[in-house]
1. In the range 48-97, what percent of the accessible surface is made up of carbon and sulfur (1.4 Å probe, ligands and nucleic acids excluded)?
2. Just add up the charged neighbours of residue 9: K/R +1, D/E -1, any other residue whose Cβ is under 11 Å from the Cβ of residue 9.
3. Placing unit charges on C-beta atoms (Lys and Arg positive, Asp and Glu negative, everything else neutral), compute the dipole magnitude of the chain about its Cα centre in debye, rounded to 20.
4. Determine the sum of side-chain charges near residue 85: Lys and Arg each +1, Asp and Glu each -1, restricted to other residues whose C-beta is under 10 angstrom from that of residue 85.
5. If you average 1/r over every pair of different alpha-carbon atoms in the range 1-82 and take one over that average, what Kirkwood value in Å do you get?
6. Just report the Cα centroid separation between the range 8-65 and the range 136-158, whole Å.
7. For a protection proxy built on the mean count of beta-carbon atoms within 10 angstrom, sort 39-51, 106-118 highest first, please.
8. Please list, in order along the range 99-114, the HN-Hα scalar couplings obtained from phi with the Karplus expression 6.51 cos²θ - 1.76 cosθ + 1.60 (θ = phi - 60°), rounded to whole Hz, x for Gly and Pro.
Amino acid sequence: MTAAQADLQIDPPAIADGAALWRIARDSEALDLNSSYSYLLWCRDFAGTSAVARDERGEPVGFVTGYVRPDRPHTLLVWQVAVDGAYRGRGLAAALLDGLVARVRREHGVTGVETTITPGNTASERLFTSFAERHGAPLEREVLFPAALFPDGPHDSEVLYRIGPLSL
């Protein structure tokens, strides 16, 4: 953990964090924004496979949401990663991702990570590429959802990043 992260606490989200996670996602201007209701549900039903970074007042300033894939129980699917604008550039997204994967690995035996990234999202591409490098894991990429599958207007393809197996 860097000095810039030392005053932050990383732990699972609580239901009361849902509104803050929604605001952080909305303000990111990079994520597909889900309904505020979905963030409340996420904080209730997937808290064990998600993480929140809190400032010195205990307010959420970043998050990673994820779940263990039902058909691949050793794989953590990372749904969204977002950091409040005032806290970007400090390595917080990497610390959140590393901390979450370490916890889910201990608790669920996860050996791989998956996420999807739209082409051109260089911040996410760097985050997950460097995660694979830090953990000595191979990284495979393939288009999971072509743009033509999205029914609600123009949407870039979603590229699956499959990372693993993770080194001990």
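1. 51 percent
2. With Lys, Arg at +1 and Asp, Glu at -1, the net is -3.
3. Approximately 380 debye in magnitude.
4. -2
5. Roughly 13.1 Å, rounded to one decimal.
6. Between the Cα centre of the range 8-65 and that of the range 136-158, the gap is 24 Å.
7. Ranked by mean Cβ neighbours within 10 Å, highest first: 39-51, 106-118.
8. Coupling constants for the range 99-114: x, 5, 4, 4, 5, 5, 5, 5, 7, 10, x, 5, 10, x, 10, 10 Hz.
The values are calculated or read from the model by the stated rules, or taken from the named source; none is laboratory data. In this text the structure is predicted, and so the values were computed from the model without any measurement. In this analysis, Cβ positions are derived from the backbone assuming ideal geometry, glycine residues included, and neighbour counts consider all displayed protein chains. Note: areas computed on protein heavy atoms with side chains; ligands, DNA, RNA excluded. Shrake-Rupley method; radii C 1.70, N 1.55, O 1.52, S 1.80 Å.
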